[in-house]
Amino acid sequence: MFTYLFRQLARVMAPNYEEITREEDTLGEKGITLGYLTKTSFPRAWIQLASPEQAVVDFMEKPEELCEFLEAERDFHKKAAEIAAGSPAKVLNFYDNLTDMVSPRFFESFSLPTYQLYAEAMRGSGQLLACHMDGRLAHLKKSIAAAPIQLIESLTVPPVGNVSLSEVKSIWPDKIVFINCPAHLTYITREEVRLGYLKLLDEWGDKRLAIEYVEDLPSDELEPHLSAALDACGY
């Protein structure tokens, strides 16, 4: 079914930038627009199409149906990359949810070629290529360093994640990093949140640290959490 879907999408897709242009007009100088890119093949398989176990078996054995799917998806990405590169979005973000479910071999075989395809299409556009990497990434440090991803979006810091901010500075010095709202700093007192962020800022060595709110904290927890984070950052 998805092979058919991607073949049809590659055939009929056309640019439509109205919504993102409208968002840019609304934001003005207060923010930047993000264009969301669909997942690469293995993250799509284990998150959306099959169980993790079945996805691993299929991508190791490569049955005929999977090979047809990968070919159709590759054609889809070629067309999508052209459209994305022509968009007014300042950042194009893969929602790959990278974590330790993805081995270096699978990353380099099934994600990296797609990132390279988009990076080539975007060359000279001034856009940033980003990827949502909110899992455990220590085993992918070298692979990510070699990827044309310019912005690592939603990094999960230890103890939930396993790549520290001090490591980030040494292994990915040329990449921009946005950290996810740290899971270990939720459901605690406001002062504990503030002290936790101060520790992260000290490790980072700069109070200019991009912190994203991408999880579903209840509103009565969210406001004091963000307030404490802003205090720690000197706002």
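The values are calculated or read from the model by the stated rules, or taken from the named source; none is laboratory data. No experiment lies behind these values; they were computed from the predicted model shown. For neighbour counting, all protein chains shown are included, and Cβ atoms are generated from backbone atoms with ideal geometry for every residue, glycine included.
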ask   = Only one of these conditions is not met by ARG22: (1) of a type in the set (Lys, Arg); (2) over 27 Å from LYS175 (Cβ atoms); (3) in the same structural domain as LEU117 (by TED's automatic domain parsing). Which number is it?
value = (3)
note = Reported set for segment 199-232 where residues are touching a Cys at 6+ places or on another chain (Cβ under 9 Å) and assigned to a loop (DSSP other than H, G, I, E, B) is LYS207, ARG208, LEU209, TYR213, VAL214, GLU215, LEU217
ask   = Got at least one residue in segment 56-65 being in contact (Cβ under 8 Å) with a residue 60 or more places away in the chain and under 22 Å from the mean Cα position of the chain (by Cα)?
value = no
query = Do we find that ASP96 is within 29 Å of VAL177 (Cβ to Cβ) and assigned by TED's automatic domain parsing to the domain that holds LEU129 in this structure?
reply = yes
task = Out of MET60, MET122, MET101, report the one residue that is of a type in the set (A, V, I, L, M) and surrounded by fewer than 15 Cβ atoms within 10 Å (Cβ to Cβ).
result = MET60
inquiry  = If I ask for residues that are acidic (Asp, Glu) and either under 24 Å from ASP231 (Cα atoms) or surrounded by 14 or more Cβ atoms within 10 Å (Cβ to Cβ) (or both), which ones from segment 164-191 would you list?
reply    = GLU167, GLU191
query = Within segment 39-52, can one find any residue that is closer than 22 Å to LYS175 by Cβ, β-branched (Val, Ile, Thr) and crowded, with 16+ Cβ neighbours inside 10 Å?
reply = yes
